[in-house]
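Before any comments, here is the structure.
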Amino acid sequence: MMNDTELASLRNRFKANAELLMQTTASLDEKEKNKDEKDFQPLPRINRHSVFWICASVIVTYYVDFFRNILENEEIKSWWFNVGLLLLGTCLSLAMFCIVYLEWYKGIQHYDQVYPAIPPITTAAFIAASCSFNFALWPVWSFFTPLILFTQFMGAVMLISLLG
């Protein structure tokens, strides 16, 4: 077995090697971080993906006569449609509260950490609103309803992303 001096010298040697390894790893991590920060460039607002969804939304709106059907069609289940409008209004109100009041007025960047209940409530309300709109508009467009509503949603999201 080893005596105390040999054990102490072995421990000091491992300690020195560990410190050297830690310094080398930390400096490599900092170099990689600096390189990544230099290479980071924000994506352009206008890209093919955004243009595709906006154009698809406009085309769908035109060819299915979206607004005229919403306003004049008697087959729409009005109760489900009104529930969908209420839930969509809830989503938009929460979004405006987060963006306008919390972020712009109060200066809170990470509002999901300050108000952790807002993202799940907004998500649940939006999912319920999309289901309600699908139920309400199913008699009008049948199995095309989810595709039409999804295209409209993606077009709206991409248009909003271009604005902000």
Is region 42-85 best put as rounded, prolate or oblate by its Cα gyration tensor, with a ≥ b ≥ c the root eigenvalues, rounded for a/c under 1.5, and otherwise prolate when a/b is larger than b/c, oblate when not?
oblate
Just in region 43-103: which GluC sites (Glu not before Pro) are loop by DSSP and have at most 15 other Cβ atoms within 10 Å?
74, 75
I'd like the accessible area for residue 157: 1.4 Å probe, protein heavy atoms, all chains in place, Å² to the nearest 10.
60 Å²
Once the Cβ-Cβ distance between residue 142 and residue 101 is put in as r, and R0 is 41 Å, what FRET efficiency do you end up with, to the nearest 0.05?
0.50
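Heavy atoms only, probe 1.4 Å: what % of the accessible area of region 106-164 goes to carbon and sulfur, would you let me know? Working shown, then result.
Details: 2710 of 3600 Å².
About 75 percent, which is the carbon plus sulfur part of the accessible surface.
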Net charge of Cβ neighbours under 15 Å - reference residue 161; Lys, Arg +1; Asp, Glu -1:
+2
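The values are calculated or read from the model by the stated rules, or taken from the named source; none is laboratory data. What you see is a predicted model, and the numbers here were worked out from it, not measured in a lab. Cβ atoms come from the backbone with ideal geometry, glycine included; neighbour counts cover every protein chain shown. These area figures cover heavy atoms from the full protein model, side chains too; ligands, DNA and RNA do not enter into them. Shrake-Rupley method; radii C 1.70, N 1.55, O 1.52, S 1.80 Å.
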